[in-house]
Each structure stands twice: as C-alpha cells, then as structure tokens.
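Since the structure comes first, as structure tokens, the remarks are kept for the end.
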Amino acid sequence: MDSRLAVEARNISHCYGDGEGKLHVLHDISFDLYRGEFISLSGPSGCGKTTLLTLLGGLRSLQHGDLKVLDQDLKHCNAKSLTALRSKIGIVFQTHYLMEFLTALQNVQVATEARIHEDWDKRQQRAIDLLAAVGLEHKLDCFPSMLSGGQKQRVAFARALACNPELILADEPTASLDRKTGLEIIKTLKRVAKEKNIAVVMATHDTRILALTDRIIGIDDGRITSVTTH
C-alpha cells in the first residue's frame, strides 16, 4: 500500500440477509483516499453510504472485495489488529452518542486516553482547546442534557479529534446543525485535517458543504455513479 494512502478499496460489495430476502447494498465499490484528503459520499438515503463508512471503520465485517485502511488489511485482520486500527479512527455519527453522566469536557477528555500518552493536565488542556475550536469554551462543565442538539454534535466533533486520529469518518454530521454552524464546523474540520494530515470521509445529503470537500463520490443504489474533484 502506498504510504500516502489512508484507504484503498477494491470491488467492495456487501449485502444483508440471505435467500429471497437478500439485499445488496454495495456493488463493486473502488476508490483511494489519501492522507490529508477530505472526500464526501453523496447520495440519497439508503444508497449505501452508512454501510460503506462502517466497513471503513472496522465496525462491520468485510464480505467481498479488498480493503486496506491505515495500512491494515481488513480481509485478514484479527481482533487485536482491529482494536488497534479503531483507536486511530475518529467517528462522528448523526446521533452524538455522548455519555450523559459526563460533562462536555469529560466526554472529550475520555477520548484522549486510548492513544495520547500524556499526563492528565495536558490531556485536559487538549480537550479544552478542542472544545474552544468548535465554539464551546463556555460549555465545558455542561452535561449533555444542558446542551442543544447542535452543541452536542459539536462536542462529538471535538471528541472525534481528541485521540489524534489518522482517519475521521462522519455520517451526516451537520444534520442537527443550522447552516452557519454546519459550515463553520466543517471548515474547522477541514483545516485541522489539512494541518495534521488526517484523511476524512463524510457521508452527507447537505449540498451546502459538498463544495468544501476535495472530492465528491456520488453513490446511488450501492454503486459509484460519479466522482467530482474540486
């Protein structure tokens, strides 16, 4: 695998169920993603975007094709290697999945523990800086129940960046954000990704933010239908 590549996907196919109820959701998906590159997956609901993201994140088993993520071959990957790979990936889903019993600061700080070998004070400061970067420096001690939907999603963005990831996967990350906040967050994500050479794959319907990405991969009915480079 080229050392510049974060993802190398070849002829990825995936289905759910079996027999007469078998549903094919991905068909021969092939693409490369380079470190520092920000691409979007664009297409209607149910076209296979989320399934593809979960395969890239090692959250779903590879059925057909070849897939390498951050130099790890997912076709021949044991549990230990898969755990190590996941620690290098930051994920943002439509639902924030924050821990309700932790503050915003604690939710982000917990995510630094897996990969950042620094003392508690440095990890705390990193979490504070990340929350400030997404405009939540005044909400550090707030629990999720005290935050709006958009604020919760911004905490989720900060958490995804907290472990110094090499790859970020985002599934409709601006769905709960207003236009201005959504654009600001994606611009922040792009800037940080470029600065730190992080690869980003974002699935979205949101035409407002597609222009901010380096490439748009169009998907329909589980197939790549177009590739647009900006």
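Could you tell me which residue of the range 150-180 is surrounded by the fewest Cβ atoms within 10 Å (Cβ to Cβ), considering only residues that are hydrophobic (A, V, I, L, M, F, W, C) and in a loop (DSSP other than H, G, I, E, B)? So that I can check it myself, show each step before the final result.
Residues of the range 150-180 that are hydrophobic (A, V, I, L, M, F, W, C), as a first pass: 155-158, 160-163, 167-170, 175, 177.
Okay, now just the ones that are also in a loop (DSSP other than H, G, I, E, B), so 162-163, 175, 177.
Working: Ala162: 25, Cys163: 21, Ala175: 16, Leu177: 22.
So, considering only residues that are hydrophobic (A, V, I, L, M, F, W, C) and in a loop (DSSP other than H, G, I, E, B), the one surrounded by the fewest Cβ atoms within 10 Å (Cβ to Cβ) is Ala175.
Close contacts from the range 126-151, counting a first residue that is over 14 Å from Thr181 (Cβ atoms) and a second that is open to solvent by 20 Å² or more (accessible area, probe 1.4 Å) and of a type in the set (D, E, K, R), with Cβ to Cβ under 7 Å and a gap of 6+ residues or different chains, come to Leu131/Glu137; Phe143/Glu100; Pro144/Glu100; Pro144/Lys152; Ser145/Glu100.
Check the range 181-195 and report whether any residue there is at pLDDT 90 or above, of a type outside the set (A, V, I, L, M) and not in a strand (DSSP E or B). It would help to see each step written out before you state the result.
First, the residues of the range 181-195 that are at pLDDT 90 or above: none.
No; the residues of the range 181-195 include none that is at pLDDT 90 or above, of a type outside the set (A, V, I, L, M) and not in a strand (DSSP E or B).
Evaluating Glu37 against the criteria (1) open to solvent by 10 Å² or more (accessible area, probe 1.4 Å); (2) more than 19 Å from Val227 (Cβ to Cβ) leaves one unmet condition, (2).
Tally time: how many residues in the range 164-219 are hydroxyl-bearing (Ser, Thr, Tyr) and in contact with an Asp or Glu (Cβ under 7 Å, 6 or more places away or on another chain)? Show your work before the answer.
So the first thing to find is which residues in the range 164-219 are hydroxyl-bearing (Ser, Thr, Tyr), and the list is 174, 176, 181, 188, 204, 207, 213.
Within this subset, residues satisfying the condition of being in contact with an Asp or Glu (Cβ under 7 Å, 6 or more places away or on another chain) are 174, 204.
Here the count works out to 2.
Every listed requirement among (1) assigned to a loop (DSSP other than H, G, I, E, B); (2) modelled with pLDDT of 85 or more; (3) surrounded by 15 or more Cβ atoms within 10 Å (Cβ to Cβ) is met by Ser61 save one, (3). Residues in the range 182-230 that are in contact with a helix residue (DSSP H, G or I) (Cβ under 8 Å, 6 or more places away or on another chain) and either open to solvent by 40 Å² or more (accessible area, probe 1.4 Å) or acidic (Asp, Glu) (or both): Asp206, Arg208. Name the residue, out of Gln63, Gln109, that is closer than 30 Å to Ser176 by Cα and not hydroxyl-bearing (Ser, Thr, Tyr). Only one candidate passes the filter, namely Gln109.
The values are calculated or read from the model by the stated rules, or taken from the named source; none is laboratory data. As the structure is a computational prediction, the values presented were derived from the model and not from experiment. Cβ: placed from backbone, ideal geometry, glycine included. Neighbour counts: every protein chain shown. Accessible surface is based on the protein model in full, side chains and every heavy atom, while ligands, DNA and RNA are left aside. Shrake-Rupley method; radii C 1.70, N 1.55, O 1.52, S 1.80 Å.
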